[in-house]
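Please treat every number below as a calculation from the coordinates, not as lab data. Bear in mind the structure is a predicted one, so any value in this text is a computation, not a measurement.
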């Protein structure tokens, strides 16, 4: 009788240890996944800030560069496309992130062309509203870069955690999937050519 109680007690203690180990690892995975989700929201917030600045910037340029309509139209269309590209965090994978990066890259390219127009218009370059919008846009681009780096750091921490043995078994059982990283745009490894 005494041996049976000891055996049951040992089995109970082992069961509790296993339960708390599973519980602790599962809860840590949930917390890390929520951290990645929150950081993704920060990235989207900065991209939204950029999208919100664009109409004011386009209107300011439009007043000085009416015959640059094609570039203005390209910026407006790229903004509309970027606005339509919504990503559900739960469906975030390599393909959706690549599609998101592509639309944001098209918008960045269109914005670069818009900024290049200002070089041809001295009055525009001197316009205080344009200068403030340009400074805000530059600041937003820096914020986007910072938030993307933080997202990659958070995603790396989460991915490492769920891929480590034996946590990978728990992650597989409960459907925790690795999150993709932001990567440099294609061709970014080449230095730009400067000719004088």
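If you fit an axis through the alpha-carbon atoms of helix 69-84 and take the longest principal axis of the Cα set of the chain, what angle between them do you get, 0 to 90°, nearest 10? With both axes taken from Cα atoms, the answer is about 10 degrees.
Which value, in Å³ per residue, describes the convex hull spanned by the Cα atoms of region 49-166?
On the way: hull volume 11.3 nm³, N = 118.
Per residue, the Cα convex hull of region 49-166 comes to 96 Å³.
Its DSSP H runs of at least 4 residues, each contributing -39,500 (n - 2.57), put the calculated 222 nm mean residue ellipticity of the chain at -27500 deg cm²/dmol, to the nearest 500. Shape analysis of region 1-113 yields a ratio of the Cα radius of gyration to the Kirkwood radius, Rg/Rh, of 1.45.
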